[in-house]
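Working notes, beginning with the structure itself.
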Amino acid sequence: MAPIYFILIFWALTTIYPLVWVALNSFKVKNEIIANSFAFPVGELFTLSNYKRAFDRVPIFGAYLNSLVISGSVTVIVMLLAGMASFALVRYQFKGRNFLMSVVVASMMFPAFSTIIPVFRMEASWGLVNTSNRWLSLFSCALPQIAGNLSFAIIVLSGYIRSLPIELEEAAYLEGCSAFQIFHKIIVPLAKPSFATVAIFSFLWSYNDLFTQTFFLRIQPHWAITRLLKELTAMEGTNYGLMASAVTIVIVPVILVYACLQKYIIKGMVAGAVKG
């Protein structure tokens, strides 16, 4: 077991160290990063000027709110739609069921950039794009992210629901429960780990989706945090300290969410893998 633990520790360090290195350099000025990039920011090396400059130049708190609205909406809608779709695909027999499941799996093979132009034109025809209305603009960004996350969510939830004992649902049906009541009172409580997995991945993917934000969020007050800080680093050129602080501002919430909820990710991914 010792060689396995050594390999895992080495792999973890290679993953974590770049993040720590960026965070440490965010507390140094540009010249010190070039001269002492591996030194700890203590004493004269330590400065908060990069963060002060970032918060002075752009409305970061407003961008965080926009990110929360977009990612939160995507997460809730994906959980709702994917949950009901998975329940129907697993528990009901109807014509075309296998074909629909094949379409869900096949849709994961199409990257976002292959469909972005027709999606943009469709939303433009609806009046959702290039509008001064903040909520319409955020909604236009959330729509393609919802569609992009549904396939993964349906596959994960279908595997979990399939492993649940159908006798519980049959008993509820005999007691007079409707399909929606069975889904709400039995499926959702029992499938909480899987729903948590879907929620976490949907939120993180939406939060980090710079590609979609670049297309649909055109006005600065509508920018999400990832788009805002990308523009900030573009304006500042080779200011490495500011770039490091921007990266840190973006990734810290993601790391906190993942660190707090990682047990649900693991539990939700492995549960339902073996039927028993």
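Details
- When the criteria are applied in full, Val129 fails the requirement of being free of Cβ contacts under 8 Å to residues at least 60 places away in the same chain, among the aliphatic types (A, V, I, L, M) and surrounded by 18 or more Cβ atoms within 10 Å (Cβ to Cβ).
- Within region 183-196, the residues that satisfy the criterion of being under 13 Å from Pro165 (Cα atoms) and assigned to a helix (DSSP H, G or I) are Ile186, Ile187, Leu190.
- Applying a threshold of 7 Å to beta carbon distances and a minimum spacing of six or more residues, or different chains, the list of pairs starting in region 9-29 at a residue that is in contact (Cβ under 8 Å) with a residue 12 or more places away in the chain and closer than 23 Å to Arg53 by Cα and ending at one that is part of a helix (DSSP H, G or I) and among the hydrophobic types (A, V, I, L, M, F, W, C) reads Leu19/Ile251; Val22/Ala244; Val22/Val247; Asn25/Ile33; Asn25/Ala244; Ser26/Ala244; Lys28/Leu45.
- Every test in (1) farther than 23 Å from Thr115 by Cβ; (2) free of Cβ contacts under 8 Å to residues at least 40 places away in the same chain; (3) in contact with a Ser or Thr (Cβ under 6 Å, 6 or more places away or on another chain) is passed by Ala172 save one, and that test is (3).
- Screening Ser67, Ser137 for residues that are in contact with a His (Cβ under 9 Å, 6 or more places away or on another chain), modelled with pLDDT of 90 or more and either within 30 Å of Ala23 (Cα to Cα) or not in a loop (DSSP other than H, G, I, E, B) (or both) leaves exactly one candidate, Ser137.
Table: residues versus (1) assigned to a loop (DSSP other than H, G, I, E, B); (2) closer than 18 Å to Leu229 by Cβ; (3) in contact with a Cys (Cβ under 6 Å, 6 or more places away or on another chain); (4) among the small types (Gly, Ala, Ser).
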{"site": "Pro3", "(1), (2), (3), (4)": "no, no, no, no"}
{"site": "Ile7", "(1), (2), (3), (4)": "no, no, no, no"}
{"site": "Ala12", "(1), (2), (3), (4)": "no, no, no, yes"}
{"site": "Ala23", "(1), (2), (3), (4)": "no, yes, no, yes"}
{"site": "Asn50", "(1), (2), (3), (4)": "no, yes, no, no"}
{"site": "Arg53", "(1), (2), (3), (4)": "no, yes, no, no"}
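- Looking at Asn98, Asn149, just one residue is surrounded by 13 or more Cβ atoms within 10 Å (Cβ to Cβ), on the phi < 0 side of the Ramachandran plot and out of contact with any strand residue (DSSP E or B) (no Cβ under 6 Å at 6 or more places or on another chain), and that residue is Asn149.
- Residue satisfying all of: in region 232-250; surrounded by fewer than 17 Cβ atoms within 10 Å (Cβ to Cβ) and assigned to a helix (DSSP H, G or I); modelled with the lowest pLDDT among these: Met235
- Matching option when the condition is over 16 Å from the mean Cα position of the chain (by Cα), within 26 Å of Val252 (Cα to Cα) and either among the aliphatic types (A, V, I, L, M) or surrounded by 16 or more Cβ atoms within 10 Å (Cβ to Cβ) (or both), among Ser137, Ser202, Ser163, Ser206: Ser137
- Every condition in (1) closer than 14 Å to Cys141 by Cα; (2) at pLDDT 90 or above; (3) under 20 Å from the mean Cα position of the chain (by Cα) is met by Glu123 except one, and the failing one is (3).
- Thr197 vs. criteria modelled with pLDDT under 90, touching an Asp or Glu at 6+ places or on another chain (Cβ under 8 Å) and within 23 Å of Val76 (Cβ to Cβ): no
- Filtered by the rule that a residue be of a type outside the set (A, V, I, L, M), closer than 16 Å to Tyr240 by Cβ and not in a helix (DSSP H, G or I), region 25-45 gives Ser26, Phe27, Lys28, Asn36, Ser37, Phe38, Pro41.
- Scope region 180-198; condition of a type outside the set (Val, Ile, Thr), crowded, with 19+ Cβ neighbours inside 10 Å and under 30 Å from Leu136 (Cα atoms); matching residues: Phe195
The values are calculated or read from the model by the stated rules, or taken from the named source; none is laboratory data. These figures come from a predicted structure and were not determined experimentally. Please note: Cβ atoms are built from the backbone with ideal geometry, for glycine as well, and neighbour counts cover all protein chains shown.
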